[in-house]
Structures are given as C-alpha cells and as structure tokens.
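*Asks:* First the structure, then my questions, so here it is.
What follows draws every value from the coordinates through simple rules; no lab data is involved. No experiment lies behind these values; they were computed from the predicted model shown. Note: ideal-geometry Cβ built from the backbone for every residue, glycine included; neighbour counts use all protein chains shown.
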Amino acid sequence: MSTPAKGAMKKEKKKPIPVKTSLMSPYRPSWRPLGEKRDKSFILNTLKDKISAIGLQKQRVNKFREWGSRRRTRKKASNPTEDPKLAPEPAENVQTLSKPTEPCWTNPAVRKQLAIGINEVTKGLERNELSLVLVCDSVRPAHMTWHLIPLSNTRSVPACQVPGLSDSLSGLLGLKCVLALGFKRGAEAFEDVVRAITPVVPPFNVDWIPTESTPKAEERNTDTEKGLKRKLEDISDEASDPSPLILQPLKVRKTIPNPTKIRKPKRKAKVLKCLA
C-alpha cells in the first residue's frame, strides 16, 4: 500500500484577517448655526464688498516655453565651452521656462493677511495667528472641519459656519472653492471686516470644555485673591463635591479592510530541480 505524501497530511493554516484598532473620541463636535438669516447675508455681503473693493484675485500668467529649451540648458550646464562667445549665460540672465503657467495674486501683501483653505487655517490656529475663522457648510465629508472647533475655542478665536461661503467668494478670488477662510491678527486691510463680523458669530458648544462659571468657582477665586487660608475640612468637602463636567471614555474602533473580499490562498512557488 502506498503511503500518503507528507505534504497532504498537513492542513493549510488560515491566516488571520488583520484588524486595525484605533481610539475614537466619544464626543461629536458640531458647528452652531447662525442666529438669524440676515446674519448670513450680512457676512457674505460684507466680504464681497471688501474683496471687490481691494481687487484681490488669483490670476495665471501664461509664459511661452520654446521646444527643447530644457534640453539645451542641460547640455550647456554639462559641457561648458572655453570660448567666451559660446560660454553659457549666468544663472541670473537665464529665464526658467520649465513652468509654462505660474499663479500669482493681484495684491500679494493683502494675500498674506488671509489664510485660505483648511490647511492654512489649521496652521494659523496652531500658531495662534488668526483673529476670525469662517467655514463653509459645503465641506464633504463634514468631519474635515471638526478639528477647527476645539482649536478655535482653546485660542479664543471666534469661528462659525457660513452657508454659501464657497459659492460667494470663489468667483471673486479666482479659486475653485473656498472651504475655510481665516483673517490674521493685525490685518490692516480686513480690520473693519473682523470688527463687524465678530459680534454676529455664535459662541462655541464644546462638551469637554465648561463654559459657564459656577458660584463655587467664583468663591474659590475670591478666596485666593484675599489670601485666606483654607481648612482641611473645607478642602475635603470641595473634593467630595461632584464636578459639573462628566468625561466619557474613549471609543474603541476596529476596522477590517474590505471584509466582503474573497481572499484566495497564495500559490506556492514551484522549485525546479536541476537534473545532474
């Protein structure tokens, strides 16, 4: 009787499906809507009038690039000639024609006073350089702007979501979309705009940051200012009092990459044996 091969006796072990575990925030921040409908029109009209008065717009300057100019410049750099007449021109005189179109702004000084786009606004808030932040409601997915809420709140920067911000300002600025707009501190050109829009911005509502001041907290501040000593009994009573803010644990999220995909077992490479 023939014995079965050793390879047939071994069962193929199924590899476990990789699962990515991540910690998620239990809170879901959201933008507060504007108080009245006229606030939206007031903000948009104020921005339109200011940008149209300044004339800030992004333009593209078309430059003609000769065919084969890049190849000629490379040859001149690799093979310098001894004849001064045929010597290559200095780098200052040679025009870089590699980019046929270059974007430019009509007023670069005014452009530096703004932060346009989610990335620029995020960097400006992290560096504490902004005095006002406006976000469009057409951002998809919506969670792309949620991180701006705690950043603005911790830096005491007024921020709000304005419906139709991108549709109203993208054409004036010469951009495809304006998902976020920030005004830098000390911006002379937009100082009146920031002063006019700030009172209309609604306050933040962040779950893990208490906003209302309790009477107990006010009493503690007055005691510290007077320099009074506290007794151990008072400290123990204050420690036993429940705090108005209740923190929630982090959520554990497990992600399986494409669970419906039918995974085929990998074929083993055939080993070719050379006959002697």
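*Asks:* Give me the number: length gained by fully extending residue 37 to residue 260, i.e. 0.36 nm times residue separation minus the C-alpha to C-alpha distance, one decimal in nm.
*Replies:* Result for the pair: 75.7 nm of gain on full extension.
*Asks:* Pop a pseudo-label 7 angstrom from the Cα along the beta-carbon direction at both residue 206 and residue 146 and give the gap in nm to one decimal.
*Replies:* 1.5 nm
*Asks:* Give me the distance between the Cα centres of the range 31-48 and the range 145-167, rounded to whole Å.
*Replies:* Comparing the Cα centres of the range 31-48 and the range 145-167, I get a distance of 14 Å.
*Asks:* What nm distance separates the two modelled labels at residue 49 and residue 267, each placed 7 Å from Cα along Cα→Cβ?
*Replies:* Modelled inter-label distance: 7.3 nm.
*Asks:* Could you give the length gained by full extension between residue 59 and residue 185, i.e. 0.36 nm per residue of separation minus their alpha carbon distance, to one decimal place?
*Replies:* Full extension from residue 59 to residue 185 adds 42.8 nm.
*Asks:* Check which residues have an amide H placed less than 5 Å from residue 175's amide H, if you skip close sequence neighbours.
*Replies:* none
*Asks:* A further question follows. Work out how much length residue 251 to residue 19 would gain on full extension: take 0.36 nm times their residue separation and subtract the Cα-Cα distance, in nm to one decimal. Display every interim value, and only then the final one.
*Replies:* Values: separation 232, 0.36 × 232 = 83.52 nm, distance 1.57 nm.
Difference between extended and current length: 81.9 nm.
*Asks:* Could you go through the range 178-192 in sequence order and give the Karplus-derived ³J(HN,Hα) for each residue, using 6.51 cos²θ - 1.76 cosθ + 1.60 with θ = phi - 60°, rounded to whole Hz, and x for Gly and Pro?
*Replies:* Once rounded to whole Hz, the list reads 10, 7, 8, 9, x, 10, 6, 5, x, 6, 5, 5, 10, 5, 5.
*Asks:* Hey, rough spin-label estimate for residue 75 and residue 192, points 7 angstrom out along Cα→Cβ, what's it come to in nanometres?
*Replies:* If labels sit at residue 75 and residue 192, their model points lie 6.0 nm apart.
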